[in-house]
Amino acid sequence: MVVNPALKAPQVSILMPFKNSSRYLGECLSSICKQNFDSWELLAIDDHSSDTSPAIFTEWAEQDSRIRVFPNRGSGIIPALKTAYSLSRGKLITRMDSDDRMAAGRLREMATQLEASGSGHIALGLVEYFSHRGISNGYARYERWLNNLTLQGSNFKEIYKECVIPSPCWMVYRQDLDACGAFAPDRYPEDYDLCFRFYAKGLTCLPSSRVLHYWRDYDERTSRTSEHYAQNYFLDLKLDYFLKLDRDASRPLVIWGAGYKGKHLARTLVEKGLHFHWLCDNPKKIGKSIYGMRLSHFKVLKTVEAPQSLITVANEASQAQIRNFLFNSCMGSEKDTFFFC
């Protein structure tokens, strides 16, 4: 079906970088074109594909004028998003990945929520991973954790753990995206960086109880292969935003854990000239110094008044013990404790 170009701008603009995703484009584009909501445009940006992806997009665009295809003005996801956004016309903005599928009714549900709530809100949906080989335990845990937050609209409550806004399943008003800096910062991981900027601007997450996005997992997925999504990028991003948004310089700072993440944070804080207490429960490390900072048993915390704690201990049982120790001892609360994993 050919859709004639509308004289007025569409209500929703979908921003979608793509690169060598020809295997999955049919499913992806079909899920968009079958939405029960017509007022959309798809800005598909070719990030220098070497497969048949551009040709596939051209064929679809010839059948549906709402699909618009352009070359990336730079190289990489961020320049592609900038290109797409500069060409978009909708008052509501959303993202989509070229290897995923939209759930039926996604655009209508998100747009309806935003229209009812007004600016200052983020429409979200539950996500579901799928793969031809099955989903790993790590991705399954992330899906459950993320969806539990989205059910309550409490996503920002645990923003320092992982990215709490699913990159291809959010929608906001253009004016709110502009207020947050849109895609101007050249910082990866770009979805997590934007998530922190939503948080910094005080946007409210709207709860959702419906799966609105199907997230494909496979070996070539960008989050698995690009250096921009390595662990140290996430840690640096978290620490920078913590120091900017939530750090109270009048209170002592505490790092829990001396594994990779704890050491990375400790080294970064030492390089910044910031003092902190470093705690662990490993007898082989207690009393030793790393980066010039002495590691202490967590019981030392009883001598520290009103600390802010950065938890880098990944084990869930250990995290629960830390919570109990802090909260039951009246040495902290959820507002004082930031889980970095």
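The values are calculated or read from the model by the stated rules, or taken from the named source; none is laboratory data. Nothing here was measured: the structure is a model prediction, and the numbers come from that model. FYI the Cβ positions are ideal-geometry reconstructions off the backbone, even for glycines, and counts take in every protein chain you see. Ligands, DNA and RNA are stripped out before the accessible areas are found, and what is left, the full protein with its side chains, is counted by its heavy atoms. Shrake-Rupley method; radii C 1.70, N 1.55, O 1.52, S 1.80 Å.
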Residue check, D178 against (1) under 15 Å from the mean Cα position of the chain (by Cα); (2) of a type in the set (D, E); (3) closer than 27 Å to V69 by Cα; (4) open to solvent by 30 Å² or more (accessible area, probe 1.4 Å), all met but one. Which one?
(1)
Answer yes or no: is there a residue in the stretch 52-70 that is at pLDDT 95 or above, closer than 18 Å to D191 by Cβ and either within 26 Å of the chain's Cα centre (by Cα) or not hydrophobic (A, V, I, L, M, F, W, C) (or both).
no
Pick from the stretch 111-143, criterion hydroxyl-bearing (S, T, Y), more than 26 Å from I93 (Cβ to Cβ) and assigned to a loop (DSSP other than H, G, I, E, B), ranking: most open to solvent (accessible area, probe 1.4 Å)
S136
I'm checking my understanding of the structure. Among residues of the stretch 8-29 that are closer than 20 Å to A84 by Cα and surrounded by fewer than 15 Cβ atoms within 10 Å (Cβ to Cβ), which one is modelled with the lowest pLDDT?
K8
Are any residues in the stretch 68-101 in contact with a strand residue (DSSP E or B) (Cβ under 7 Å, 6 or more places away or on another chain), open to solvent by less than 10 Å² (accessible area, probe 1.4 Å) and either free of Cβ contacts under 8 Å to residues at least 12 places away in the same chain or not in a loop (DSSP other than H, G, I, E, B) (or both), and if so, which ones?
A80, L81, T83, A84, L92, I93, T94
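Conditions tested, residue by residue: (1) under 26 Å from F242 (Cβ atoms); (2) among the small types (G, A, S); (3) in contact with a Ser or Thr (Cβ under 6 Å, 6 or more places away or on another chain); (4) in a helix (DSSP H, G or I).
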site: L146; (1), (2), (3), (4): yes, no, no, yes
site: V164; (1), (2), (3), (4): yes, no, no, no
site: V172; (1), (2), (3), (4): yes, no, no, no
site: A182; (1), (2), (3), (4): yes, yes, no, no
site: G202; (1), (2), (3), (4): yes, yes, no, no
site: S209; (1), (2), (3), (4): no, yes, no, no
Close pairs from the stretch 189-216: first within 19 Å of Y142 (Cβ to Cβ) and among the aromatic types (F, W, Y), partner open to solvent by 10 Å² or more (accessible area, probe 1.4 Å) and not in a loop (DSSP other than H, G, I, E, B), Cβ under 6 Å, at least 6 apart:
F196/Y241; Y199/F156; Y214/R101; Y214/E128; Y214/F130; W215/Y129
Sort out which residues of the stretch 126-155 are within 23 Å of R23 (Cβ to Cβ) and among the aromatic types (F, W, Y), and write them in order of number.
Y129, F130, Y139
State all residues of the stretch 283-341 that are part of a helix (DSSP H, G or I) and open to solvent by 80 Å² or more (accessible area, probe 1.4 Å); if no residue qualifies, say none.
K299, K302, T303, E316, Q321, N324, N328
Do you know which residues across the stretch 238-255 are surrounded by 15 or more Cβ atoms within 10 Å (Cβ to Cβ) and among the aliphatic types (A, V, I, L, M)?
L239, L243, L253, V254, I255
Condition (residue is free of Cβ contacts under 8 Å to residues at least 12 places away in the same chain and under 15 Å from L206 (Cβ atoms)) applied to the stretch 119-142: is it met by at least one residue?
no
